[in-house]
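The values are calculated or read from the model by the stated rules, or taken from the named source; none is laboratory data. The structure presented is a predicted model; accordingly, all values stated were derived computationally and were not measured. We place every Cβ from the backbone using ideal geometry, glycine too, and count neighbours over all the protein chains shown. Ligands, DNA and RNA are excluded from the accessible area calculation, which covers all protein heavy atoms including side chains. Shrake-Rupley method; radii C 1.70, N 1.55, O 1.52, S 1.80 Å.
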Amino acid sequence: MNRFLISIFCVFIFYSCSATKVASAPLDTISPTPTDYWQQHVDYKMDIDMDVNTYQYAGKQKLVYTNNSPDVLNRVYYHLYFNAFQPGSEMDVRSRTIADPDRRVKDRISKLNPDEIGYIKVNSLKQNGVNLKHETVGTILEVDLAKPIQPGESVTFDMLFNGQVPVQIRRAGRNNSEGVALSMAQWYPKLAEYDFEGWHADPYIGREFHGVWGDFDVKITIDKNYIIGGTGYLQNSNEIGYGYETGTVNRQNTEKLTWHFVAPKVHDFTWAADPEYIHDSMQVPHGPILHFLYKETMSEKQKDNWKRIQPKAVEFMQYYSNLVGNYPYKQYSIIQGGDGGMEYGMCTLLLGEGTYDGLIKGVISHEMAHTWFQFLLANNESKHPWMDEGFSTYIEYHAVNDIFNEGKKNPLESVYAAYLSLAKSGREQPLTTHGDRYTFNRAYSLASYYKGCVFLAQLGYIMGEENLNLTIKKYFKDFVFKHPKPLDIIRTSEKISGLELDWYLIDFAQTTNTIDYAVQAVEDKTVTLERIGLMPMPIDLTVTYTDGTMEDFYIPLQMMRGEKPTSATIIADWAWAKPTYTFKTTKAVKSIQIDPKEMMADIDKENNKK
């Protein structure tokens with residue numbers, strides 16, 4: 001999701017509110033993911049008939065579900081996301097009762113007329129040919145099975161459903177503010193995920209998504225004048241008279257055409273359609289084809305922006321593939337649609353009428369980063385939004401700095417400032433807070449995007465930047481096409497660095513403890529430091545002597561059971577429970593600076609020097 005829509009506003013609001021060196025282990029000597037890991041699998045076949053005049057559609061879905069768990073399943077659940085766009089829904093009520101509602105939602109859902117609401121209605125559902133009892137409860141379909149699904153068993157669910165596309169309010173919908181006809185995200189009955197924690201049948205209140213990995217085979221029948229882009233590979237270009245690689249159209253002498261898409265190894269399927277799309281494409285060297293779909297009715301300057309972003313999008317795809325891991329699909333689409341910017345399978349939907357910098361630096365850079373964090377590394381966005389928003393922000397800021405040659409020594413300086421505003425605001429909640437349970441929307445945004453980014457950046461401070469880069473690659477290698485949890489990034493970091501790091505996950509993600517270290521006293525050759533905040537950290541510091549020379553020191557945190565690779569002088573460990581720490585230098589001290597590179601999220605930098 002696009003964080004630039006909230007960043008400047010959020011920071012403003014919250015500032016005004018209340019010892020042996022451990023060597024890195026080579027990647028091929030480190031054990032992979034646990035052998036007892038399992039995840040469910042689902043294959044979808046869907047046939048959709050869309051009426052572009054009424055914005056209603058009829059659907060037929062055949063779903064093959066494989067229970068890879070060790071558990072017997074007596075029920076299943078489906079998400080019916082479009083039901084959120086109805087007066088009185090949980091999304092509607094939450095938006096009208098939260099202190100700082102999303103400006104895009106506010107009370108708009110409560111004012112929708114019957115022909116403007118969204119819905120998904122399940123007309124029939126069968127398990128291996130047997131009719132099932134089911135009940136729609138808000139945005140969740142509760143299903144009682146005719147027969148329990150045994151471990152290792154595959155069953156087939158056949159469903160007939162119909163839906164109505166809501167007026168564009170949040171992410172999906174029709175006729176958005178820029179005139180895009182259809183933004184079809186989370187539009188079909190989507191099987192809920194089941195894992196070792198149980199079912200994840202969360203109602204759609206406002207946050208993110210979670211889905212089962214599988215293969216999609218989708219046929220969309222729509223007015224012949226509409227062009228479709230989104231998840232999957234088009235299978236019938238010749239049949240419908242559309243050159244998808246070239247964007248050329250040969251209109252058929254028929255009222256409707258059926259577009260056939262296949263998407264392997266994804267956990268979602270999204271599409272957008274409009275009769276006025278321009279379609280460009282550009283090949284990434286040794287990589288996928290990038291598709292760009294945008295409205296021909298935009299101004300010439302806006303359309304020129306869409307031409308200019310294309311080679312930069314190629315650079316971002318290459319950058320992220322090199323930093324994290326190779327993009328595994330054959331294409332990726334950047335599509336004008338939606339209500340800001342949102343990541344989906346093999347594509348993103350975003351508003352398209354912004355400035356060049358706003359499009360490429362502010363939205364596309366972030367949404368493309370989400371291809372790795374959360375689409376390929378598919379953490380549960382509802383439970384752990386910081387793992388995708390924060391990690392995407394981390395690689396995005398580095399990419400923008402490098403690709404546009406901005407030359408910032410610390411590209412994340414503003415990110416740290418945003419997190420510190422939250423930490424000092426009195427409104428912070430732990431990163432373990434469910435995405436829908438934040439008291440304030442702004443607190444959610446600052447925590448997920450910025451504290452989540454600082455979480456990853458500080459790992460580099462704690463174990464060394466080279467180890468962080470190796471960790472990111474190893475994390476991708478082990479968990480691509482899986483559902484990683486917070487502990488997985490920490491355990492990967494531990495395996496790479498040889499350090500004990502569980503304390504970091506506990507304090508920085510599961511509490512609101514803050515970091516505050518201070519220089520208490522400097523007397524000739526004796527330095528005394530103080531830990532004021534509850535959050536433990538190792539310490540980098542630079543001493544300037546009275547003769548003008550300088551020396552870097554490194555104080556390991558005792559509970560890390562080791563040190564990061566460093567050229568600094570390593571001195572004795574600091575045990576967390578001891579509030580002060582004293583060491584002696586070889587020469588008289590003129591001044592001292594804790595964390596000179598400011599990569600530690602210390603809430604009071606004024607007491608870091610003396």
Fill in the blank from the handout: Taking every DSSP bridge whose two residues both lie in the chain, the antiparallel percent to the nearest 5 is 80 percent
Fill in the blank from the handout: Rh (Kirkwood, all Cα-Cα pairs) for segment 108-223, Å, reads 16.5 Å
Exercise for the section: Would you mind pulling out the separation of the Cα centroids of segment 190-250 and segment 370-419, in Å? Expected result: 26 Å
Handout entry: Alpha carbon convex hull of segment 357-436, volume per residue in cubic angstrom
Key = 104 Å³
Practice task
Provide Rg and Dmax in Å for segment 163-244, with only Cα atoms included in the calculation.
Solution key: 15.8, 47
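State the Kirkwood hydrodynamic radius of segment 465-610 in Å, one decimal place, computed from all pairs of distinct Cα atoms.
Its Kirkwood hydrodynamic radius stands at 16.5 Å.
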Problem - Overall dimensions of the chain by Cα: Rg and Dmax, Å - result: 26.0, 90
Problem - Principal axis dimensions, segment 348-485 - Cα atoms, whole angstrom, descending - result: 37, 37, 31
Problem - Two-decimal Rg to Rh for segment 72-134 - Kirkwood Rh, Cα set - result: 1.15
Handout entry: Pairwise Lys count, segment 133-271 - Cα closer than 20 Å, eight or more residues apart or different chains
Key = 7
Completion exercise
Rounded to a whole %, the carbon-and-sulfur portion of the accessible area of the chain at a 1.4 Å probe is 50 percent
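Please report the projected area of segment 106-169's Cα convex hull averaged over all directions, in nm². Show your work: numbers first, answer last.
Numbers: hull surface 23.8 nm².
Result: a mean projected hull area of 6.0 nm².
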Practice task
Compute the FRET efficiency between N405 and S567 as 1/(1 + (r/R0)^6), taking r as their Cβ-Cβ distance and R0 = 22 Å, and round to the nearest 0.05.
Solution key: 0.20
Handout entry: Square roots of 5 times each gyration tensor eigenvalue, C-alpha, segment 235-377, largest first, Å
Key = 24, 19, 14
Problem - lysines whose Cα lies under 17 Å from that of K409, excluding same-chain neighbours fewer than 8 positions away - result: K597
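Taking K and R as +1 and D and E as -1, what net charge do the other residues with C-beta under 13 Å from the C-beta of N326 add up to?
Once positives and negatives cancel, what remains is +3.
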Problem - segment 393-453 - Rg and Dmax from Cα coordinates, angstrom - result: 13.2, 39
Exercise for the section: Could you work out, for segment 45-187, what percent of all Cα-Cα pairs fall into each 10 Å distance bin, beginning at 0 Å and stopping at the bin that holds the largest distance? Expected result: 11, 36, 29, 19, 6
Completion exercise
Projecting the Cα atoms of I489, A601, T549 onto the charge dipole of segment 472-610, where Lys and Arg contribute +1 and Asp and Glu -1 at Cβ, the residue farthest towards the positive end is I489
Practice task
Provide the net charge surrounding K62, with neighbours chosen by a C-beta distance below 15 Å and charges set as Lys +1, Arg +1, Asp -1, Glu -1.
Solution key: 0
Handout entry: Equivalent ellipsoid dimensions for segment 429-468 as semi-axes, Å, which come from the Cα gyration tensor, largest first
Key = 26, 8, 6
